[in-house]
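The values are calculated or read from the model by the stated rules, or taken from the named source; none is laboratory data. All values reported here derive from a predicted model rather than from experimental measurement. Reconstructed Cβ throughout: ideal geometry from the backbone, glycine too, with neighbour counts over all protein chains shown. All accessible areas refer to the heavy atoms of the entire protein, side chains included, with ligands and DNA or RNA removed. Shrake-Rupley method; radii C 1.70, N 1.55, O 1.52, S 1.80 Å.
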Amino acid sequence: MHDENVLKGVHCDVENCVYNNGSCCCTAQEVHVKNRMAVLGEETMCETFEEA
């Protein structure tokens, strides 16, 4: 599972997302994020999330 293509610069802390490869890397083809005016990463919400 760790050999999949990952999005560079995207860190994922959501352990139950199908796109998290187990190393906090996102394997989705693209990511859509809510709250684009956020200053901190904690203020964002990934719309691409799918529960594993």
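What does the net charge come to around Cys24 if you take all other residues with beta carbon closer than 10 Å to its beta carbon, with K and R at +1 and D and E at -1? Computed value for this residue: -2. Accessible surface for the chain, divided over its residues, is 84 Å² per residue with a 1.4 Å probe. Note on the chain: Cα Rg divided by 2.2 N^0.38 Å, N the number of residues, gives 1.09. In this structure, the amide hydrogen of Val33, modeled 1.01 Å from its nitrogen in the peptide plane, lies closer than 5 angstrom to those of Glu47, counting only residues at least 5 positions away or on a different chain. Rounded to the nearest 20, the Cβ-based charge dipole of the chain about its Cα centre (Lys and Arg +1, Asp and Glu -1) stands at 220 debye.
Per-atom-type breakdown for the chain gives carbon and sulfur 51% of the accessible area (1.4 Å probe, protein chains only). Could you tally the net charge around Lys34, taking each other residue with its Cβ under 10 Å from the Cβ of Lys34, Lys/Arg +1 and Asp/Glu -1? So the surrounding residues net to -1. Considering only Gly9, Cys24, Thr48, the residue lying farthest towards the positive end of the dipole of the chain is Gly9, judged by Cα position with unit charges set on Cβ.
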